[in-house]
1. Given (1) at pLDDT 90 or above; (2) of a type outside the set (Asp, Glu); (3) over 30 Å from TYR13 (Cβ atoms), where does SER25 come up short, assuming only one miss?
2. Return the residue satisfying two criteria in turn: it lies in segment 71-103 and is more than 26 Å from the chain's Cα centre (by Cα) and loosely packed, with under 11 Cβ neighbours inside 10 Å, and of such residues it is nearest to ARG24 (Cα to Cα).
3. Please go through segment 79-94 and pick out each residue that is in a helix (DSSP H, G or I) and of a type in the set (Ser, Thr, Tyr).
4. Listed residues PRO58, PRO68, PRO106; which is closer than 30 Å to ILE31 by Cβ and surrounded by fewer than 16 Cβ atoms within 10 Å (Cβ to Cβ)?
5. For segment 44-55, enumerate the residues that are buried (at least 17 other Cβ atoms within 10 Å of the Cβ) and at pLDDT below 90.
6. Take GLN41 and tell me if it is of a type in the set (S, T, N, Q), within 30 Å of ARG12 (Cβ to Cβ), within 26 Å of the chain's Cα centre (by Cα) and surrounded by 14 or more Cβ atoms within 10 Å (Cβ to Cβ).
7. Report yes if some residue within segment 59-70 is among the charged types (D, E, K, R) and without any contact (Cβ under 8 Å) to a residue 24 or more places away in the chain; otherwise report no.
8. On the given criteria, is ARG111 under 30 Å from ARG24 (Cα atoms), among the basic types (Lys, Arg) and part of a helix (DSSP H, G or I)?
Amino acid sequence: MPRVAPIVRSTRYEHAINTLVAKRSEISGLIRFKGANLAHQLEHIDAVLLILGYKGDPSQIVPLRRQPSRFRKGELYRLILKCEAEGSKANKETAQRIVALKGWEPSLVERIRQCVNTAKVRRRRKTKLAALAASGCEDRG
């Protein structure tokens with residue numbers, strides 16, 4: 001039985017290409033930085049990229065290097081509250097105390113200070129939004 005309407009296929013595969021590029025970056029990062037044995041996966045991804053019309057050399061895609069999380073969920077803010085309860089006022093002092101508590105090397109103080117600052121800003125925003133939502137709910141009732 002003949003088809004009523006012809007099948008229309010897109011010749012543009014941007015979504016698939018972007019997803020494959022991201023996956024290739026992730027896999028090549030695992031190979032380069034973690035020593036994973038996934039080279040055969042890269043061959044297949046490269047082949048599909050070329051089939052879909054990727055312009056460029058797939059081997060030039062930069063490997064992705066993921067930074068491991070230093071803290072569990074909620075741990076950083078609990079440490080911040082603990083350090084501030086002990087008398088820490090500045091973010092740098094809080095970061096120094098956290099680094100000492102965790103037993104990390106002192107060179108991490110600046111990175112942890114940035115994390116402390118970000119955590120405090122996020123908590124402030126979250127508290128402010130919660131207060132606005134609560135006041136909005138009270139006015140309606």
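1. Of (1) at pLDDT 90 or above; (2) of a type outside the set (Asp, Glu); (3) over 30 Å from TYR13 (Cβ atoms), only one is false for SER25: (3).
2. Among residues in segment 71-103 that are more than 26 Å from the chain's Cα centre (by Cα) and loosely packed, with under 11 Cβ neighbours inside 10 Å, the one nearest to ARG24 (Cα to Cα) is ALA90.
3. Within segment 79-94, the subset in a helix (DSSP H, G or I) is 79-85, 91-94.
Across segment 79-94, the qualifying residue is only THR94.
4. Working: PRO58 fails: surrounded by fewer than 16 Cβ atoms within 10 Å (Cβ to Cβ); PRO106 fails: closer than 30 Å to ILE31 by Cβ.
Only one candidate qualifies: PRO68.
5. Matches in segment 44-55: TYR54 only.
6. It is true that GLN41 is of a type in the set (S, T, N, Q), within 30 Å of ARG12 (Cβ to Cβ), within 26 Å of the chain's Cα centre (by Cα) and surrounded by 14 or more Cβ atoms within 10 Å (Cβ to Cβ).
7. Narrowing segment 59-70 to residues among the charged types (D, E, K, R): 65-66, 70.
From what's left, without any contact (Cβ under 8 Å) to a residue 24 or more places away in the chain: none.
Checking segment 59-70: not a single residue is among the charged types (D, E, K, R) and without any contact (Cβ under 8 Å) to a residue 24 or more places away in the chain.
8. yes
The values are calculated or read from the model by the stated rules, or taken from the named source; none is laboratory data. What you see is a predicted model; the values in this text were computed from it and never measured. Ideal geometry is used to build each Cβ from the backbone, glycine not excepted, and the neighbour counts take in all protein chains shown.
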